[in-house]
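The values are calculated or read from the model by the stated rules, or taken from the named source; none is laboratory data. This one's a predicted model, so the numbers in the text were calculated from it and none came from an experiment. Here the Cβ positions follow ideal geometry from the backbone for every residue, glycine too, while neighbour counts run over all protein chains shown. Side chains are part of the model used for accessible areas, which takes the heavy atoms of the whole protein and leaves out ligands, DNA and RNA. Shrake-Rupley method; radii C 1.70, N 1.55, O 1.52, S 1.80 Å.
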Amino acid sequence: MLKIVLPQKVTYLLSQLMNDGYEAYVVGGCVRDCLLGRVPKDWDITTSAKPEEVKAIFKRTVDTGIAHGTVTVMLEKEGFEVTTYRIDGEYEDNRHPKTVEFTRSLKDDLARRDFTINAMAYNETDGFVDLFGGLEDIKNRQIRCVGTATERFEEDALRILRAFRFSAQLDFEIEENTLIAAKELAERLQGISAERVREELIKLLLSDHPERLLFVQQAGITAIVLPEFDQMLEVTQENPHHCANVGIHSLNTVKWIAKQEENADQKEMWNSAVIASGHSEKKCRLCLRLAALFHDVGKLNTKRIDEDGIAHFYGHDKEGAKQTQQILQRLKFDNETIELVERLIFYHDYRYENLRHGLSETGLRHMTNKAGKDLMELLFFLQEADARAQSQKFLSEKLGILNKARQIYYKIKEQGDCLRLKELAINGRDLIALGYMPGKNLGIILNEILEYVLEHPEENSKEKLLILAEKKRRQEQNL
């Protein structure tokens, strides 16, 4: 017999409700995750008790969603959402019910939920309550709507995207009737807010199977929520360096990013990149996958065919950074994410062997000064994924150059070389003390000194740089 080991606090909540004569179960995603061997993020509780009855049982509660029957019960510093069985009224905006009606029937409550795998309840007394075949669908690894798929999607169009997101997260197929309804009703997603669409796309991209975005496209959904991806699939790449169109190449790049993040051999480099970025690991994962997806979006507007029939995309990196900024702004991403993704795309096509000072310590110092120390180690991951998703013909050569650039960069980092203005041994106050006048000229002089230090890192001492600054001042006075 299947059994879920419930946390002690959850068991306490259920028992308190049941001891007072009410029904109570854990429900939805936490039940699904337990059956899949996953650790639930939250434990949602459903009960026949009405909100005021729940509040009468527990000492500390918060009215988090009282109109929809949800009360948060506080146990010590941890909150648990307890929601009354309910029946949703008519949906008014393809998203929210106009009204909700409380009920004493668990069946009525489960019947309003989106997918069968999310419509199961459990407590230690009754075991599993599975009225719509969720257990069987988990066994068959499929996403299927509760009841009629058309009705579920007409109620809330966001469920269409959720179906594909769960498919990517769980590696499940979408059941035939559910898929048909999703395709037929895809246009209803036009009425869903950008913020809601963004969150589903994030979860899909961060899943173990981000390549399932292609299924979203085949269902006609990206044409509505991410039309640029459809356009990317139409751009062919008649070039010996490529073996797929822009869209497929980009998806393959995202897949390689996911593999690198989990590669035990690269774990130390990955951890170092996260720390250097100054962001959380989740933020780094998201920004890299977004950059991988859109790194070549600039090719939509830059494709040119030469006299030999070879396609070129000059300037696609800069154009792509600009287009990606517009896409992410439309989807209401935060400025921090937009800025990091934009920079990753802007620099993704830099060729280290073509740097002004070549593939050398000096070249990498100048490159880092341009791109930013926070970016470089993440950029290496993006560039490796990009190379691996291209034609295998030149892969060995590209990885050789990239690995050498990485090794040089790590050496520079270990040496503690000065790579930006704030790491110079002198600052504006030191220049003023030498006799420089305050103003914009200070920044110009400091940048000239930084250029010198990037090529001569051993000269980054206050004594030496003050001598250099004094020499520059005298030269200016003699002009």
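Can you tell me the convex hull volume per residue for the stretch 223-327, based on C-alpha atoms, in Å³ to the nearest whole number? Write down the numbers at each step before the final one.
Values: hull volume 12.7 nm³, N = 105.
Spread over its residues, the Cα hull of the stretch 223-327 gives 121 Å³ apiece.
In a simple Cβ point-charge model (Lys, Arg +1; Asp, Glu -1; nothing else charged), the chain has a dipole of about 1320 debye relative to its Cα centre.
Translational diffusion coefficient of the chain (Stokes-Einstein, Kirkwood radius from Cα pairs, 25 °C, 0.890 mPa s): 94 µm²/s. Dividing the Cα radius of gyration of the stretch 362-479 by 2.2 N^0.38 Å, with N the residue count, gives 1.37. Once you divide the Cα radius of gyration of the stretch 343-410 by 2.2 N^0.38 Å, the number left is 1.03.
Taken over the stretch 416-479, the convex hull of the Cα atoms encloses 79 Å³ per residue. Would you mind getting me the FRET efficiency between GLU78 and ARG104? Use the beta-carbon distance for r and R0 = 22 Å, nearest 0.05. After rounding, the FRET efficiency stands at 0.20.
Over 18 Å between Cα atoms, which of LYS422/LYS462; LYS267/LYS398; LYS59/LYS107 qualify? Mind dumping the intermediate values first?
Values: LYS422/LYS462 13 Å; LYS267/LYS398 21 Å; LYS59/LYS107 29 Å.
The pairs that break the limit, which is 18 Å between Cα atoms, are LYS267/LYS398; LYS59/LYS107.
With q set to 0.31, 0.32 Å⁻¹, the log10 of I(q)/I(0) for the stretch 371-419, from the Debye formula over equal scatterers at the Cα positions, is -1.17, -1.21.
Å³ per residue of the Cα convex hull, for the stretch 136-283? If you can, show how the numbers build up before the last one.
Values: hull volume 21.6 nm³, N = 148.
That works out to 146 Å³ per residue.
Each 10 Å bin, from zero up to the one with the longest distance, holds this percent of the alpha carbon pairs of the stretch 1-135: 12, 44, 35, 8, 0. Surface composition of the stretch 415-479: carbon plus sulfur atoms contribute 53% of the solvent-accessible area (1.4 Å probe, protein chains only, all chains present).
The helix-only estimate of mean residue ellipticity at 222 nm for the chain, built from DSSP H runs of length n ≥ 4 each weighted as -39500 (n - 2.57), is -16000 deg cm²/dmol after division by the residue total.
Could you give the length gained by full extension between LEU402 and ASN427, i.e. 0.36 nm per residue of separation minus their alpha carbon distance, to one decimal place?
5.6 nm
For ILE444 and ARG356, a Förster radius of 25 Å and the Cβ-Cβ distance give a FRET efficiency of 0.80, rounded to the nearest 0.05.
All C-alpha pair distances within the stretch 291-347, sorted into 10 Å bins from zero, spread as 27, 46, 19, 7, 1 percent across the bins. Which one of LEU233, SER272, ILE221 has its Cα pushed farthest toward the positive end of the charge dipole of the stretch 144-276, where Lys and Arg give +1 and Asp and Glu give -1 at the Cβ? Value: SER272.
Using only Cα atoms, what is the ratio of the radius of gyration of the stretch 253-400 to 2.2 N^0.38 Å?
Numbers: Rg = 15.4 Å, N = 148, 2.2 N^0.38 = 14.7 Å.
The reported ratio for this selection is 1.05.
Each principal axis of the stretch 12-78 carries a Cα extent, and these read 35, 24, 24 Å when sorted largest first. Restricting the calculation to alpha carbons of the stretch 175-232 gives Rg and Dmax of 11.3, 29 angstrom.
Just to confirm my numbers, what's the Cα centroid distance between the stretch 402-479 and the stretch 1-73 in Å? The distance from the Cα centre of the stretch 402-479 to that of the stretch 1-73 comes to 62 Å.
Near LYS413, which aspartates and glutamates are there with a Cα under 13 Å away, not counting those fewer than 8 places off in the same chain? Partners within reach: GLU361, ASP374, GLU377, GLU423. With q set to 0.20, 0.25, 0.28, 0.29 Å⁻¹, the log10 of I(q)/I(0) for the stretch 212-268, from the Debye formula over equal scatterers at the Cα positions, is -0.78, -0.95, -1.06, -1.09.
Going down the table (LYS322/LYS411; LYS183/LYS322; LYS203/LYS332; LYS77/LYS282), which pairs top 22 Å between alpha carbons?
Details: LYS322/LYS411 33 Å; LYS183/LYS322 31 Å; LYS203/LYS332 15 Å; LYS77/LYS282 25 Å.
From LYS322/LYS411; LYS183/LYS322; LYS203/LYS332; LYS77/LYS282, over 22 Å: LYS322/LYS411; LYS183/LYS322; LYS77/LYS282.
Working from label points 7 Å from Cα in the Cα-to-Cβ sense, the GLU53 to THR125 distance is 1.3 nm.
With the highest mean first, a sort of the peptides 158-170, 124-136 on other beta-carbon atoms found within 10 angstrom per residue produces 158-170, 124-136. The label-point distance for LYS183 and ALA67, in a model that sets each label 7 Å from Cα toward Cβ, rounds to 3.8 nm.
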